[in-house]
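The values are calculated or read from the model by the stated rules, or taken from the named source; none is laboratory data. Keep in mind that what you see is a predicted model, and the values were worked out from it rather than measured. Positions of Cβ are backbone-derived with ideal geometry, glycine not excepted, and every protein chain shown enters the neighbour counts.
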Amino acid sequence: MDTKLVDEGGRLAAVKRYEILDTAPEAPFERITGLVKAVMNVPMASVSIIDADRQWLKSCVGMADGDTPREITFCTHTIQSREPMVIADAAADPRFSENPLVTGPPHIASYLGVPLATPDGYNLGSLCALDTKPRDFNPGQIEVMKSFAALVTDELELRRIAQVDFLTGAATRRGFCLELEKAISRLVRHRRVSALLTLDIDHFKRVNDTHGHPAGDLVLRAIGVRLMRIARASDIVGRLGGEEFGILLTDADLAEAIESAERFRAAIEELVIESDPPLRVTASFGIAVLSPDCNSAHDWLATADHALYEAKRGGRNRCCVAPDYRTGRAR
């Protein structure tokens, strides 16, 4: 018996580990679904991820995106096997003949799904080709789909590896921005407010010039560890580049964001970094609560950075709240 196929807790942990749910569209996955549609000559194709109670589409063509209740999806059956699932005529299959996805939009009549397995053996979801009329998928087409599915899993793996900064252990800028996009999606879908902190190490160039770049790396590593150690389990710490870090505070309002920023600022100020001689640094912080008119991670970061620059200009080692550009008041 393949225990990974019945280990739902482990599978859901793998889904969480890949941090793919509710992320913005990405070109590699869009290209693959476009190729599936063209090569398989089907009107619909998708990369689906199966969460605890929903199917979420990372990429789709020819069909509506968004969530679908897991219990009615074809892909929840696909992930229970190592082999592709082929449905030549959904209306004639007792598992699906009364399924609302068959009797109503998108009117699935035939389906080919290949499970997306992680290197450690968990099926995250599937790559699907769907048609609105009954049809057979021949062995050659099934092999092509398996090759496309391998491209999806390779991209998922590369995406995961690229999200961790090797020096500090924090998320990379790319990975951090994906988390910001997910927070924006949560605000739109669930009205869940989050806050963003950006911080920059004060006079970091002086550390490199005086003590050398290895000492600078020690400072970056120590601050990354300190930030992740005192962050909440639900918070995300990222290295945005150079000596700048970001902290995503999930489900945090302005008051909570200010309190957290001061806590992080004080922790850095108190930190003694083991070196010869020992080093101490401070950091300046910008605070920006996610607003409904923020449409991208880039805009949100720019807003927080505006406040960060104010903190720098105001004397460093302090926290500033981003202004609301429409009213001039603190957001």
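Looking at 200, 209, which is the one that is more than 21 Å from the chain's Cα centre (by Cα) and in a strand (DSSP E or B)?
It is 200.
Could you grab me the full set of residues in segment 226-242 that are outside any loop (DSSP other than H, G, I, E, B) and among the small types (Gly, Ala, Ser)?
As a first pass, look at segment 226-242 and keep what is outside any loop (DSSP other than H, G, I, E, B): 226-230, 236-241.
Residues satisfying the conditions are 238, 241.
For segment 114-155, which positions are in contact with a Pro (Cβ under 8 Å, 6 or more places away or on another chain), free of Cβ contacts under 8 Å to residues at least 60 places away in the same chain and assigned to a strand (DSSP E or B)?
Scanning segment 114-155 gives 114, 115.
Restricting attention to segment 114-149, report how many residues are hydrophobic (A, V, I, L, M, F, W, C), in contact with a strand residue (DSSP E or B) (Cβ under 9 Å, 6 or more places away or on another chain) and either over 19 Å from residue 16 (Cα atoms) or not assigned by TED's automatic domain parsing to the domain that holds residue 62 (or both).
Result for segment 114-149: 9.
I'd like to verify a number: residues in segment 227-252 that are over 23 Å from residue 19 (Cα atoms) and surrounded by 14 or more Cβ atoms within 10 Å (Cβ to Cβ), how many?
Matching residues across segment 227-252 total 1.
Residues of segment 103-113 being of a type in the set (A, V, I, L, M, F, W, C) and surrounded by fewer than 20 Cβ atoms within 10 Å (Cβ to Cβ), which ones?
So in segment 103-113, the residues of a type in the set (A, V, I, L, M, F, W, C) come out as 108-109, 112.
Passing the criteria: only 109.
Could you check segment 259-290 and list, in sequence order, the residues that are surrounded by fewer than 17 Cβ atoms within 10 Å (Cβ to Cβ) and under 24 Å from residue 191 (Cα atoms)?
259
Would you point out which residue out of 178, 196 is modelled with pLDDT under 90 and surrounded by 19 or more Cβ atoms within 10 Å (Cβ to Cβ)?
Testing whether each residue is modelled with pLDDT under 90 and surrounded by 19 or more Cβ atoms within 10 Å (Cβ to Cβ) leaves just 178.
Tally up the residues in segment 257-308 that are part of a helix (DSSP H, G or I), at pLDDT below 95 and more than 13 Å from residue 196 (Cα to Cα), please.
0
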